[in-house]
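Written below as structure tokens is the structure these notes are about.
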Amino acid sequence: MTPLPDRLARRFEEEICRVCVLRTARGDCSLRPGQECPIFRWADDLAGVVAGISSNRLADYMDRIQAVICPHCAQDERGRCPQRDRLDCPLDMYLALVVRILEEELALCRVEGGP
């Protein structure tokens with residue numbers, strides 16, 4: 001079985017990158033050089049957040065992400081994030097897809113007995 005991080009990267013590319021507003025007409029990501037997409041950068045931490053929540057409310061996931069991940073990403077000491085404030089954070093924009101993909105992959109891990 002393919003390891004969870006590899007499966008997540010593939011699914012994120014197939015289901016999120018292909019519809020992302022940051023994708024150029026050539027199919028490249030328009031994030032600045034050296035700037036990594038937070039969905040990929042924090043995939044392991046996101047999996048931990050999603051594994052610890054069972055909710056029908058995306059706000060519950062976002063609250064936990066903002067508490068666990070955002071302080072280590074682009075958020076400042078006052079809790080402000082320039083990307084989030086500009087509605088330019090891929091994690092914010094595609095949270096529903098990220099949560100669905102993670103829940104499906106984590107369920108698959110439980111069924112198959114491993115990551």
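Of all residues in the range 61-82, those that are under 20 Å from residue 44 (Cβ atoms) and in a helix (DSSP H, G or I) total 11.
For the range 62-115: of the residues being open to solvent by less than 70 Å² (accessible area, probe 1.4 Å) and of a type in the set (D, E, K, R), which is modelled with the lowest pLDDT? So the residue we want is 88. If you filter the range 21-48 down to residues that are surrounded by fewer than 13 Cβ atoms within 10 Å (Cβ to Cβ) and of a type in the set (Asp, Glu), you find that the one that is nearest to the chain's Cα centre (by Cα) is 44.
The values are calculated or read from the model by the stated rules, or taken from the named source; none is laboratory data. This one's a predicted model, so the numbers in the text were calculated from it and none came from an experiment. As a convention, Cβ positions derive from the backbone with ideal geometry for all residues, glycine included, and neighbour counts pool all protein chains shown. Calculation scope for accessible area: heavy atoms of the full protein, side chains included, ligands and nucleic acids excluded. Shrake-Rupley method; radii C 1.70, N 1.55, O 1.52, S 1.80 Å.
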